[in-house]
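Data block below; observations after.
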Amino acid sequence: MDEHNTERLGDQPSEAAIQIPDATTIGDAIDSVGTDQWLVIVDEAAKPEAAVHSTTLLDYPAERPLSSILSDLKPMVLARADVPLNILHPWFEELEQGSAVIVEHADHFRVWVGPDLRQIILGGGESLPGIPSIPLHLRVCRYLMSCGHPQQFQTKPRIMPTCQDPKGLGLHQFEW
């Protein structure tokens, strides 16, 4: 068997991350984790919405909730630690400089980011049968550049779904 076939996402170099609710203010987040830590922002059901390094938070007013900066963050991918690396191939074109992969372990999250991310993903081998789960692409609606409603996608929709519009901006389709 090709050695690339056995490489799993959880085996890659990643950084520890602290899970924090999206309703937390930026000031409270910085106070609780410091300024050199990755955060995985989660909704009230503890589903990941994005990852952000705490140093990035210093650019925002302390009283703002973390949910208010989701639309400013780069697209991300959420995937379980036990998936083979090459399952990320379909999402790679959607990742930008500064994007991250949120790696979901059984009881915690880690964040994989950095220059080796692209090289390792593209160097992966053939896919394995019995893939345990499909990675999810985490995006926020960019309608009027202010909607910011987070959603998870298994594939990029050909026709965008209707956004849930939590800010009451008016009926609109999700903007990729």
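The values are calculated or read from the model by the stated rules, or taken from the named source; none is laboratory data. The structure presented is a predicted model; accordingly, all values stated were derived computationally and were not measured. When we count neighbours, we look across all protein chains shown, and the Cβ atoms used for this are built from the backbone with ideal geometry, even at glycine. Only protein heavy atoms, including side chains, enter the accessible area calculation; ligands, DNA and RNA are left aside. Shrake-Rupley method; radii C 1.70, N 1.55, O 1.52, S 1.80 Å.
When the range 22-44 is limited to residues that are open to solvent by 70 Å² or more (accessible area, probe 1.4 Å) and under 22 Å from residue 139 (Cβ atoms), the one that is modelled with the lowest pLDDT turns out to be 44. When the range 73-99 is limited to residues that are farther than 16 Å from residue 151 by Cα and of a type in the set (A, V, I, L, M), the one that is surrounded by the fewest Cβ atoms within 10 Å (Cβ to Cβ) turns out to be 81.
Does the range 52-63 include one or more residues that are of a type in the set (S, T, N, Q) and crowded, with 20+ Cβ neighbours inside 10 Å? So far as the range 52-63 goes, no, none of its residues is of a type in the set (S, T, N, Q) and crowded, with 20+ Cβ neighbours inside 10 Å. Determine whether the range 7-15 contains at least one residue that is in contact with an Asp or Glu (Cβ under 6 Å, 6 or more places away or on another chain) and open to solvent by 60 Å² or more (accessible area, probe 1.4 Å). Yes, the range 7-15 has at least one match.
Residues in the range 150-176 that are surrounded by 13 or more Cβ atoms within 10 Å (Cβ to Cβ), out of contact with any helix residue (DSSP H, G or I) (no Cβ under 8 Å at 6 or more places or on another chain) and closer than 21 Å to residue 102 by Cβ: 151, 152, 153, 176.
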